[in-house]
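K.L.:
Have a look at the structure that comes next, please.
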Amino acid sequence: MRFNQKDSLQKEISRLKASHHTIGFVPTMGALHQGHLSLVQKALQENDAVVVSIFVNPTQFDNPSDLHKYPRTLEEDIALLTSLSDQLLIFSPDANELYGKEVVSKKYRFGPMERSMEGKFRSGHFDGVGTVLNLFFRAIMPDRAYFGEKDFQQLQIVRKLVQLERLPITIVGCPITRESNGLAMSSRNRRLSAAQQEEATLIHKTLKVVRKKFDSVSIQKLRAYVKQRFAENPHLTLEYFEITPVETLQPALRKTGKKKYRAFIAAFAGEVRLIDNMALN
Ligand code: PAF
């Protein structure tokens, strides 16, 4: 079933909740790929009904040209979702339907983790993500919401968001889905040429080397290694490489104690910005 209006979606959700159905929610910005579909499949396994939203959220883009170029494939997305299950509630509102008259972000205090990596390089990004998810969460009130670990920092921010907003929603993180060549699936991959898709595998390859060396090599040396590897490649430009504990997402200079670490890369292939990450221990 397809909805553009909050009211009609909410009527259907109330009907489902009245008969004790649990609700799963998968928020997306469309241009769906296998990674999104794996979230939808998990949500279908764990809930009686599943809402999938398709909405390119303007407030989370700091760059108007990035927003403009973001792929939009609504009819294809709907066909793909319908072929997966005819039970899905597909919600694709326009900006004013979701936000009201003013399409602006709320200012959140997510703590230090909002200032590293994506937060540092995409100003206001997490306020935009928090604002739109808060609107969706309050409209849908799902039992569980599903997020991919490709956006690991976003996942941790969303866990913080439901605490700050006191929303009784379980946030479920799901593993990264990769192409057979290792490239993390992303809606942005559609903007890469075939050659760029191959070149971009450097990101995943580098993360795998970092994981292999993590126990025996210092973080400083790993940083130098990654910088060098990207500097030697004319097709990709490294924006950041960080190793951080999963709890704080603050760049680590050395390993301490028994913390769980993850490595993160953002890089440009031409104009297309790609991110990926990997658990190290
Ligand atoms: O990960 C995304 O696609 C977006 O940030 C989200 C969670 C749908 C919010 O707009």
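The values are calculated or read from the model by the stated rules, or taken from the named source; none is laboratory data. Since the model is a prediction, treat every value here as computed from it, not as a measurement. Using ideal geometry, Cβ is built from the backbone for each residue, glycine included, and neighbour counts are taken over all protein chains shown.
K.L.:
Looking for whichever is part of a loop (DSSP other than H, G, I, E, B), of a type outside the set (S, T, N, Q) and closer than 23 Å to V56 by Cβ here; the options are I176, I171. Which one fits? Reasoning before the result, please.
P.N.:
Working: I171 fails: part of a loop (DSSP other than H, G, I, E, B).
Residue meeting the stated conditions: I176.
K.L.:
Taking segment 230-281 on its own, how many of its residues are among the hydrophobic types (A, V, I, L, M, F, W, C), within 19 Å of the chain's Cα centre (by Cα) and part of a loop (DSSP other than H, G, I, E, B)?
P.N.:
2
K.L.:
So which residues in segment 14-36 are in contact (Cβ under 8 Å) with a residue 24 or more places away in the chain, among the hydrophobic types (A, V, I, L, M, F, W, C) and away from the ligand (no atom under 14 Å from the Cβ), if there are any at all?
P.N.:
L16, I23
Each row is one residue, and each column tells you yes or no for (1) surrounded by fewer than 17 Cβ atoms within 10 Å (Cβ to Cβ); (2) at pLDDT 95 or above; (3) more than 17 Å from the chain's Cα centre (by Cα); (4) on the phi > 0 side of the Ramachandran plot.
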| residue | (1), (2), (3), (4) |
| --- | --- |
| S53 | no, yes, no, no |
| T59 | no, yes, no, no |
| P64 | yes, no, yes, no |
| K69 | yes, no, yes, no |
| N96 | yes, yes, yes, no |
| E102 | yes, yes, yes, no |
| K106 | yes, yes, yes, no |
| K120 | yes, yes, no, no |
| R144 | no, yes, no, no |
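K.L.:
Is it the case that P142 is part of a loop (DSSP other than H, G, I, E, B) and within 24 Å of R15 (Cβ to Cβ)? Show your work before the answer.
P.N.:
Details: part of a loop (DSSP other than H, G, I, E, B): yes; within 24 Å of R15 (Cβ to Cβ): yes.
For P142, the condition - part of a loop (DSSP other than H, G, I, E, B) and within 24 Å of R15 (Cβ to Cβ) - is met.
K.L.:
So, in segment 119-143, of the ones that are among the charged types (D, E, K, R) and closer than 20 Å to N96 by Cα, which residue ends up nearest to the ligand (Cβ to nearest atom)?
P.N.:
To start, the set of residues in segment 119-143 that are among the charged types (D, E, K, R) comprises 120, 122, 127, 138, 143.
With the extra rule that they be closer than 20 Å to N96 by Cα, the set shrinks to 127, 138.
Numbers: D127: 12, R138: 14 Å.
Selected residue: D127.
K.L.:
Pick from V158, V226: which is of a type in the set (A, V, I, L, M), part of a helix (DSSP H, G or I) and within 13 Å of the ligand (Cβ to nearest atom)? Show your work before the answer.
P.N.:
Working: V226 fails: within 13 Å of the ligand (Cβ to nearest atom).
Being of a type in the set (A, V, I, L, M), part of a helix (DSSP H, G or I) and within 13 Å of the ligand (Cβ to nearest atom) holds for just one of V158, V226, which is V158.
K.L.:
Taking segment 37-46, which residues are more than 16 Å from the ligand (Cβ to nearest atom) and out of contact with any strand residue (DSSP E or B) (no Cβ under 8 Å at 6 or more places or on another chain)? Break it down into steps so the answer makes sense when it comes.
P.N.:
If we filter segment 37-46 for residues that are more than 16 Å from the ligand (Cβ to nearest atom), which is where we start, we get 41, 44-46.
Answer for segment 37-46, where residues must be more than 16 Å from the ligand (Cβ to nearest atom) and out of contact with any strand residue (DSSP E or B) (no Cβ under 8 Å at 6 or more places or on another chain): Q41, Q45.
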